[in-house]
Amino acid sequence: MNIFEERLSTIRQKLDEWEVDGVLIGSDSNRRWLSGFTGSSGQLLITPDAAIIATDSRYFEQAQNEAPAFTLFKHRRTKEDNQKLFETAGVAKIGVEAQYTTLAAMSQLRKIEGVEWKPLPRTVEPLRQLKTEAELRQIRAAAELTDYTMSQVNQLARPGQTEQELAWELEKTMREAGADTTAFTIIVASGPNSALPHHRPGDRVLTLGDPIIIDMGAQLGGYNSDMTRTFYLGDGPSDQFWQVYNLVLGAQTAVFFHLRPDANCKAVDKVARDIIHNAGHEEHFGHGLGHGVGLDVHEGPRLSPLADEEATLAAGMVVTIEPGVYIPGWGGVRIEDLVVITPTGFRRLSLCPKLPIIPIIPICNS
Ligand code: GLY
Ligand code: MN
Ligand code: MN
């Protein structure tokens, strides 16, 4: 059995638990994870006896090549084909992905005769959280590209450059090093903009004395990485910069002592949150401590006050640990590492050092 046949078999075993006769999977990452199909459009219909991939003519050949465990249904995007697809499967009650099925798509599905639909809050997402060795190799390779790109910041960042210019230099570096693409638009947030956790790089000019948050990831073979470092432009960081930097670094380090299988996700978040709150920055750390990373940059598990009470870490999960402190008008510090949970603890996948200073070296014309 190859990995896709194994995943298919696992999903079939879930049908009883979900109280459905079949399941329809149309979201990009779930579809890819289950079938291997990398196209941008298609539906998997899985029942105890059938595994169908329905897609349009742009993808007939690709779907057959990439998803051999599935039978191709050539969908011409007509109502008749829609009806035929579900008649072929011959099942009465089908689960749909509640998080990804739009109202428009649902209203089309409701027109199909003889099928009852059951929204499923989650389908394969919990299974996707546990990475295989092959997935870990991809993520590790994507993390290495991110480490390398971040290591070039000292050479690339300089006063007078705009945030956008630095982001483009970094993107080029990452692509030239081998990334398929970036995992998301690279964040370069300088000076007061670094108080905005997801600032989009703009035309602000980097200036000596700026805190600069750089958050980026590479995508490789569909898998992502995600890492943040905060820098100080110049070699004499202010006392405030060091205070905030060391607080965030201390919060992240404290979390590392709690990462292991069965650790409660909410409790892990609280380790960092308590440290930052107790230092008087309760208002300045609004986002969660971390999230899973894989085919999606943001996937389960979430490490956050909003995590399910009973959610725990498990060996094979890949998560970010990214505490931050954001002070409006001044700036911010975020430090983010990607880690994999192992049977005995965790291993860091982000290995780039955390030296926050970008020295400005004068060019000597002797
Ligand atoms: N780059 C977004 C994040 O760190 O979650
Ligand atoms: Mn990030
Ligand atoms: Mn992240």
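Every number here is computed from the coordinates shown, using simple stated rules; none is lab data. Quick caveat, the model's predicted, so the values are computed rather than measured. No Cβ is skipped: glycine too gets one built from the backbone with ideal geometry, and neighbour counts run over all protein chains shown.
Residues in the stretch 148-181 that are crowded, with 21+ Cβ neighbours inside 10 Å, outside any helix (DSSP H, G or I) and within 16 Å of ligand 1 (Cβ to nearest atom): 179 only.
Scan the stretch 286-319 residue by residue and report those that are in a strand (DSSP E or B), in contact with a Gly (Cβ under 8 Å, 6 or more places away or on another chain) and not hydrophobic (A, V, I, L, M, F, W, C). Within the stretch 286-319, 291, 292, 299, 300, 301, 302 meet the criteria.
The residues in the stretch 287-302 that are of a type in the set (A, V, I, L, M) and away from ligand 1 (no atom under 11 Å from the Cβ) can be counted, and the count is 1. Residue count for the stretch 323-366, restricted to those that are part of a loop (DSSP other than H, G, I, E, B), out of contact with any helix residue (DSSP H, G or I) (no Cβ under 7 Å at 6 or more places or on another chain) and small (Gly, Ala, Ser): 1. Within the stretch 261-293, the set of residues being closer than 30 Å to residue 31 by Cβ, surrounded by 15 or more Cβ atoms within 10 Å (Cβ to Cβ) and either within 14 Å of ligand 2 (Cβ to nearest atom) or aromatic (Phe, Trp, Tyr) (or both) comprises 288, 289, 290, 291, 292, 293. Of all the criteria given as (1) farther than 20 Å from residue 99 by Cβ; (2) within 22 Å of the chain's Cα centre (by Cα), the one not satisfied by residue 6 is (2). Of everything listed in (1) hydrophobic (A, V, I, L, M, F, W, C); (2) outside any helix (DSSP H, G or I); (3) within 16 Å of ligand 1 (Cβ to nearest atom), the single unmet condition for residue 145 is (2). For the stretch 135-158, check the following and say yes or no: at least one residue is in contact with a strand residue (DSSP E or B) (Cβ under 7 Å, 6 or more places away or on another chain), touching a residue at least 24 places away in the same chain (Cβ under 8 Å) and under 30 Å from residue 94 (Cβ atoms). The answer is yes, given that some residue of the stretch 135-158 is in contact with a strand residue (DSSP E or B) (Cβ under 7 Å, 6 or more places away or on another chain), touching a residue at least 24 places away in the same chain (Cβ under 8 Å) and under 30 Å from residue 94 (Cβ atoms). For the stretch 173-218, taking the residues that are more than 16 Å from ligand 3 (Cβ to nearest atom) and of a type in the set (Val, Ile, Thr), the one that is nearest to residue 297 (Cα to Cα) is identified as 181.
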